[in-house]
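All remarks here apply to the structure that follows.
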Amino acid sequence: MSDVPAWFTAAIEAPRTEGTVEVDGTDIHYLEWGDRTRPGIVLVHGGSAHAHWWAHLAPMLSERYHPVALDLSGHGDSGRRKEYSFEMWAEELMSVCVACGIDDPPILVGHSMGGLVSIVAAALHGERLRGVVIVDSPVLRPDPEQESLVGRTFRELKVYPDLDTALGRFRLIPPQPTSNEFIHDYIARNSLREVDGGWIWKFDPKIRLKRTAIHEFLAGVETRVALFRGELSELVTPDVSDYMHELLGRNAPVVAIPNAYHHLIIDEPLAFIAALRAILADWEHSIPRKPAG
């Protein structure tokens, strides 16, 4: 693509390493950038996504941090499980920190479902974390009729005869206007693997999640939290964001990224990274306020 900006090319071509760590019998794949002696920051993807969703952003954090992005089980190049849960995904996240030599408490940055995983990790392992940035992850008021807070039902994955056909079927969930085609294309290419007869999506269509009281986990988080949302997001509306803010005792910054939908790390990546850097810079020198009461 002739219109690919230089910043994106530089980020994708930035040196990185990859590895795997076994967690409860399943190999978990990860990418890492930069110097391991710097503070760790762990980037957690959303549902049906993978670590490469962060590849255009992670290098822009490596001047001050040691960025790591993982494939949760059932996603990307990680192994699959018979059963999935937020608690196990949180365990995978913490195990990747150890595998990547992150000794001091890291910061978690989770988008969509990855933000929910990060909330659970913060509630269960808060003493091992320095902070959590939740990126357009909807935590809803309890609804007795709601079967699950997150998850979709997928049919058996189709094998596409060639890569171009498969790329043409890539869609964002939930649907939204497409922007920054160069990011969209890069993510799509890394969402597929070659098999006998063609190409197939990497995620496990059999992922099912039991009802999880994410609102209780969020209310129990004691480490620092920042809430990010796309200003045009249909998932994290101002009402949803306000409820999440309430659960945190109104003791967390709330940042709306202008001109961005749910997939704001695709829509407005530079605005997102600027806002994230600002939050992290504040956290480096400020003392967290104690919750009211």
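Derivation of every value follows stated rules applied to the coordinates shown; laboratory data play no part. Nothing here was measured: the structure is a model prediction, and the numbers come from that model. All Cβ positions, glycine included, derive from the backbone under ideal geometry; neighbour counts span all protein chains shown.
Phi angles across the range 32-42 convert, under the Karplus curve 6.51 cos²θ - 1.76 cosθ + 1.60 with θ = phi - 60°, into 3J(HN,Hα) values of 9, 10, x, 9, 5, 7, 8, x, x, 9, 10 Hz, Gly and Pro given as x. Each residue of the range 173-178 is assigned a 3J(HN,Hα), and the resulting list reads 10, x, x, 7, x, 8 Hz, derived from the Karplus form 6.51 cos²θ - 1.76 cosθ + 1.60 (θ = phi - 60°), x at Gly and Pro.
Backbone geometry of the range 228-233 corresponds, through the Karplus equation with coefficients 6.51, -1.76 and 1.60 at θ = phi - 60°, to 3J(HN,Hα) couplings of 10, 8, x, 4, 9, 5 Hz, x marking Gly and Pro. When both the range 1-76 and the range 225-263 are represented by their alpha-carbon centers, they are found 24 Å apart. Which of the listed residues, P15, H75, S85, is farthest toward the dipole's positive end in the chain, when Lys, Arg count +1 and Asp, Glu count -1 at the beta-carbon? Of P15, H75, S85, it is S85. Taking W54, W199, W89 in turn, the Gaussian network model of the chain (Cα-Cα springs below 10 Å) assigns the largest fluctuation to W199.
Please report how many Lys pairs in the chain have alpha carbons closer than 15 angstrom, counting only residues at least 8 apart along the chain or sitting on separate chains. Present the calculation step by step, with values, prior to reporting the outcome.
On the way: K82/K206; K82/K210; K158/K202; K158/K206.
Lysine pairs meeting both conditions in the chain amount to 4.
Measuring spread by the Cα atoms of the range 155-251 yields a radius of gyration and Dmax of 18.5, 54 Å. Charging the Cβ of each Asp and Glu at -1 and of each Lys and Arg at +1, and nothing else, the dipole of the range 7-82 about its Cα centre rounds to 180 debye.
Listed by Cβ neighbour count within 10 Å, with the fewest neighbours leading, V4, V225 appear as V4, V225.
Taking the range 14-98, how much of its Cα-Cα pair set, in percent, is spaced more than 22 angstrom apart?
Numbers: 710 of 3570 pairs.
Here the tail beyond 22 Å accounts for 20 percent of pairs.
Look at S137, S233 and count the other Cβ atoms within 10 Å of each Cβ; fewest to most, that gives S233, S137. Each Lys and Arg contributes +1 and each Asp and Glu -1, all at the Cβ; summed about the Cα centre of the chain, the dipole is approximately 340 debye.
Using the Cα gyration tensor of the range 41-189, with a ≥ b ≥ c the square roots of its eigenvalues, what is the shape: rounded (a/c below 1.5), prolate (a/b larger than b/c) or oblate (neither)? Oblate, since a/c reaches 1.5 and b/c is not below a/b.
I'd like the Kirkwood hydrodynamic radius of the chain, using the inverse of the mean 1/r over distinct C-alpha pairs, in Å.
Values: mean 1/r = 0.0518 Å⁻¹.
Evaluated over the chain, this radius sits at 19.3 Å.
The fewest-to-most ranking of I107, I173 by surrounding Cβ atoms within 10 Å reads I173, I107.
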